[in-house]
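> Below is the structure I would like to discuss, written out as structure tokens.
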Amino acid sequence: MHNLYLRRVLLTCYNKTHGVVNVQICRSYCDRQPKTDQIQLSRKSPKTERRDQIGPPDVKSNLRHVKFHVPENETASERAFRERMEEIQQWNQDFWENHNNLYRKAKKEYVAAKLDQLGHFHDDGTKRNLSPDEMADFYREFSIENRNKHIRYNKEWYKMNILSLWPALKLATSQIFKAKT
Amino acid sequence: MVLRCGFRLPCWHLMKHTRLLHSKPTQKHNNVSVFKAVYRKFATKPSKGPGSVKPPIEVMKTSKVTSHDVTARELDHETIDVGLRVGEKQFQVTLENKDQDVSFFIPKTNDLITVKFKKADVVQNEVLENVAEVNVPHSQDKQNETSEKKEDDLTLDSIDERMWRERTQDWKKLPDIYMKLSKIRLTGLVVVTSMAGFGMAPAPFDPALFLLGSLGTALMSCSANATNQYLEVPFDSQMNRTKNRPIVRGSISPLHAMTFATVSGVTGFTILTCAVNPLTAALGTFNLLLYTCVYTPLKRMHIVNTWVGSIVGAIPPMMGWAACCGQLDPGAWLLGAILYAWQFPHFNALSWNLRADYSRGGYQMMSVINPDLCKRVAARYCVGMIGLCSIAPLADLTTWMFVIDSLPLNGYLAYLGYRFYRDADSKSSRKLFRFSLIHIPVLIILMLLSKKPHKQDTTIVKKSGIQENTVAKNQQLTLENTGEKSKS
């Protein structure tokens with residue numbers, strides 16, 4: 001029977017609001033006096049590719065990227081479909097990366113301006129954080145400003161998404177037949 | 001062979017073994033997810049203002065796991081078979097030569113237990129039992145856990161929020177994925193309201209019809225939700241509330257999801273058309289199209305989407321009614337109106353705390369674009385609910401008893417709606433949202449309890465009785481006629 005000590009495990013990761021932070025990953029136990037350990041998980045995709053690889057949410061666009069597996073004897077239609085999917089993925093990435101950057105920048109500017117106006121500290125000396133009500137103006141303005149952009153994006157995305165369904169179906173059925181013969 | 005039970009860091013080994021555990025078909029306990037990991041924010045960014053520095057306290061929960069046993073046997077020099085008991089659960093794991101430790105993550109208690117094996121003098125096929133038993137200490141810091149800190153928790157449902165992983169199709173997980181794809185809770189609510197519509201309709205209760213109608217409605221709801229998720233992938237990725245949906249996570253392909261949507265939609269439609277009645281099927285199809293083709297894109301276009309979404313919520317009880325008696329009486333419309341009115345306090349309160357996400361994600365939501373209207377509308381419909389429930393007896397839906405016993409329920413809803421209107425903070429909106437979840441099932445139960453006993457039943461029975469008699473007489477006559485004919 002061992003008695004164990006608690007060990008704190010910290011994970012260095014990127015957080016949207018706080019930048020690089022240490023997160024307590026979870027508690028772990030050790031049989032000696034504990035000390036804080038720090039580990040870092042890699043965001044790189046693995047080298048071996050037997051199947052498609054799905055990534056973690058992208059830091060900038062929040063989208064999960066797929067690394068498509070390239071089979072050895074890839075047919076022309078498979079290749080065309082894969083390239084089309086990669087194209088759509090890149091297009092989505094570009095849009096959301098831009099958009100989220102824009103949001104971050106606009107929010108920063110708004111918060112700075114609002115704090116200049118209201119004062120950076122409360123009367124009792126604590127730091128002022130903007131309340132949701134004070135942020136509401138920003139949310140509204142940002143939404144209204146970007147409305148047309150989103151409508152265009154939405155239309156385009158629906159088109160791409162729906163049009164890629166048919167080749168996907170054709171490929172899937174041909175692969176089923178291939179597997180049977 | 002000496003086995004030593006120690007504990008080590010959840011580094012790459014965790015990832016290796018989690019994959020190992022999942023790729024093993026012999027593993028019996030699929031319900032224990034080793035993939036799950038809850039990350040907790042340890043320290044907030046040190047703030048510059050004076051007096052606001054929070055001590056970096058660990059947020060922890062007391063472990064339920066008090067001990068675990070380790071059994072190990074070495075089959076050959078390449079692999080090692082391990083039987084592990086963690087709490088009440090048992091595992092069979094095969095370890096390769098290089099990796100001689102295995103990690104378990106227990107999601108609810110937030111414990112990571114890593115068992116490390118050290119190789120010593122190996123005796124082939126030796127079986128060791130009850131090798132090690134370990135006391136896992138209880139956390140002492142629980143008192144320091146405040147509600148404020150809980151909100152700060154950075155919760156990850158899965159390790160794949162940090163890591164790449166292979167796309168695999170685990171057939172055992174498919175039912176779970178389908179349930180997520182069809183937003184099982186929402187579908188459940190839809191079915192419950194349609195059952196309520198069926199129960200309230202003034203026609204004799206037919207169990208087979210009831211089950212078929214509910215099944216058809218459920219399937220069409222599944223189809224609508226799956227289509228919605230297929231269309232919304234990049235938008236869903238942006239919001240915390242929706243980023244764990246299966247297509248976003250890559251646990252199911254868009255094609256597979258749409259196949260599911262098509263199959264369930266067509267099956268639901270066929271059931272409703274053939275076994276129930278065309279009116280119900282038409283209502284279901286209308287609702288499916290309204291939800292997927294109008295409401296979903298409208299979210300990016302105009303705040304009117306909330307009203308359209310409320311119509312979508314109002315139709316299921318009318319479908320239930322139509323399934324029962326084949327037509328839409330005033331009672332059906334009133335039932336629809338009650339559900340329509342209910343959507344506003346429910347959704348407006350929900351969207352109030354998601355304003356930042358909605359703004360960033362490109363949604364044109366009432367809570368963002370016009371917060372005053374959002375509060376007003378929610379409060380208005382809360383009060384309107386009292387009015388709608390009061391006229392229920394006039395539409396022959398319920399007895400006057402319902403007006404009285406629904407009053408406290410609706411009164412409290414109206415009070416919370418007023419509080420939301422007055423305070424408009426996250427606390428009041430959350431309260432209103434939570435109560436709206438209790439409100440609708442309780443209201444439905446009250447409604448069913450005080451359903452108006454309908455006299456039509458007996459008249460229908462009498463009428464059909466008369467018809468049967470006449471039919472029987474006619475048959476007798478024809479028989480006699482044919483008999484006479486054959487005689488002549």
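The values are calculated or read from the model by the stated rules, or taken from the named source; none is laboratory data. The shown structure was predicted, so the numbers you read here are calculated from the model rather than taken from an experiment. Every residue, glycine as well, gets a Cβ built from its backbone with ideal geometry; the counts of neighbours run over all protein chains shown.
> Any residue that is of a type in the set (Ser, Thr, Tyr) and touching a Pro at 6+ places or on another chain (Cβ under 9 Å) - is there at least one of those in the range A:108-130?
yes
> Considering only residues that are of a type in the set (A, V, I, L, M) and assigned to a helix (DSSP H, G or I), which ones fall in the range A:57-78?
A:Ala76
> What's the number of the only condition in (1) in a loop (DSSP other than H, G, I, E, B); (2) farther than 25 Å from B:Lys243 by Cβ; (3) among the polar types (S, T, N, Q) that A:Gln117 fails to meet?
Condition (1) is where A:Gln117 drops out.
> Are there any helices (runs of 4 or more DSSP H) wholly within the range A:126-181 with 3 or more residues that are without any contact (Cβ under 8 Å) to a residue 24 or more places away in the chain and within 23 Å of A:Glu83 (Cβ to Cβ), and if so which?
Answer list for the range A:126-181: A:147-163, A:165-180.
> Consider B:Ile247 carefully, then state whether it is among the β-branched types (Val, Ile, Thr), assigned to a loop (DSSP other than H, G, I, E, B) and within 14 Å of chain A (Cβ to nearest Cβ).
No.
One line per residue, one yes/no per condition, for (1) within 27 Å of the chain's Cα centre (by Cα); (2) surrounded by fewer than 19 Cβ atoms within 10 Å (Cβ to Cβ); (3) among the β-branched types (Val, Ile, Thr):
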{"site": "B:Pro371", "(1), (2), (3)": "no, no, no"}
{"site": "B:Thr398", "(1), (2), (3)": "no, no, yes"}
{"site": "B:Ile404", "(1), (2), (3)": "no, yes, yes"}
{"site": "B:Asn410", "(1), (2), (3)": "yes, no, no"}
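> Next question. Among what's in the range A:111-155 and is small (Gly, Ala, Ser) and either surrounded by fewer than 11 Cβ atoms within 10 Å (Cβ to Cβ) or under 23 Å from B:Lys427 (Cα atoms) (or both), pick the residue that is farthest from the chain's Cα centre (by Cα).
By that ranking, first place goes to A:Gly125.
> Just give me the residues in the range A:65-97 being within 12 Å of chain B (Cβ to nearest Cβ) and at pLDDT 90 or above, in sequence order.
Correct list: A:Phe81, A:Met85, A:Ile88, A:Gln89, A:Trp91, A:Asn92, A:Gln93, A:Asp94, A:Phe95, A:Trp96, A:Glu97.
> What do you reckon, is B:Ile315 surrounded by fewer than 24 Cβ atoms within 10 Å (Cβ to Cβ) and β-branched (Val, Ile, Thr)?
For B:Ile315, the condition - surrounded by fewer than 24 Cβ atoms within 10 Å (Cβ to Cβ) and β-branched (Val, Ile, Thr) - is not met.
Condition check ((1) closer than 21 Å to A:Val66 by Cβ; (2) among the polar types (S, T, N, Q)) across all residues:
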site: B:Phe205; (1), (2): no, no
site: B:Ala208; (1), (2): no, no
site: B:Leu212; (1), (2): no, no
site: B:Thr217; (1), (2): no, yes
site: B:Cys222; (1), (2): no, no
site: B:Asn225; (1), (2): no, yes
site: B:Asn228; (1), (2): no, yes
site: B:Pro234; (1), (2): yes, no
site: B:Ile247; (1), (2): yes, no
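> Give the residues of the range A:109-125 that are within 15 Å of A:Phe138 (Cα to Cα) and of a type in the set (Phe, Trp, Tyr), sorted by residue number.
A:Tyr110
> Just for the range B:367-406: of the residues that are touching a residue at least 12 places away in the same chain (Cβ under 8 Å) and acidic (Asp, Glu), which one is farthest from the other protein chains (Cβ to nearest Cβ)?
So the residue we want is B:Asp396.
> Let me ask something additional. In the range A:84-105, is there at least one residue being over 19 Å from the mean Cα position of the chain (by Cα), closer than 30 Å to B:Gln169 by Cα and assigned to a helix (DSSP H, G or I)?
Yes, the conditions are met somewhere in the range A:84-105.
> Give all pairs with beta carbons closer than 7 Å in which a residue from the range A:44-63 that is more than 7 Å from chain B (Cβ to nearest Cβ) meets a residue that is modelled with pLDDT under 60; count only pairs at least 6 apart in sequence or on separate chains.
So the pair list comes out as A:Val59/A:Tyr14.
> I would also like to ask the following. Please specify each residue of the range B:343-366 satisfying the condition of being in contact with a Cys (Cβ under 9 Å, 6 or more places away or on another chain) and either within 17 Å of B:Ile386 (Cα to Cα) or facing chain A (nearest Cβ under 9 Å) (or both).
Answer for the range B:343-366, where residues must be in contact with a Cys (Cβ under 9 Å, 6 or more places away or on another chain) and either within 17 Å of B:Ile386 (Cα to Cα) or facing chain A (nearest Cβ under 9 Å) (or both): B:Phe344, B:Pro345, B:Trp352, B:Met365.
> OK, next. Run A:Leu165 past the list (1) touching a Leu at 6+ places or on another chain (Cβ under 9 Å); (2) of a type outside the set (Asp, Glu); (3) more than 10 Å from chain B (Cβ to nearest Cβ) and report the number of the one that doesn't hold.
(3)
> Among the residues of the range B:212-239, how many are more than 10 Å from chain A (Cβ to nearest Cβ) and more than 30 Å from B:Phe198 (Cα to Cα)?
0
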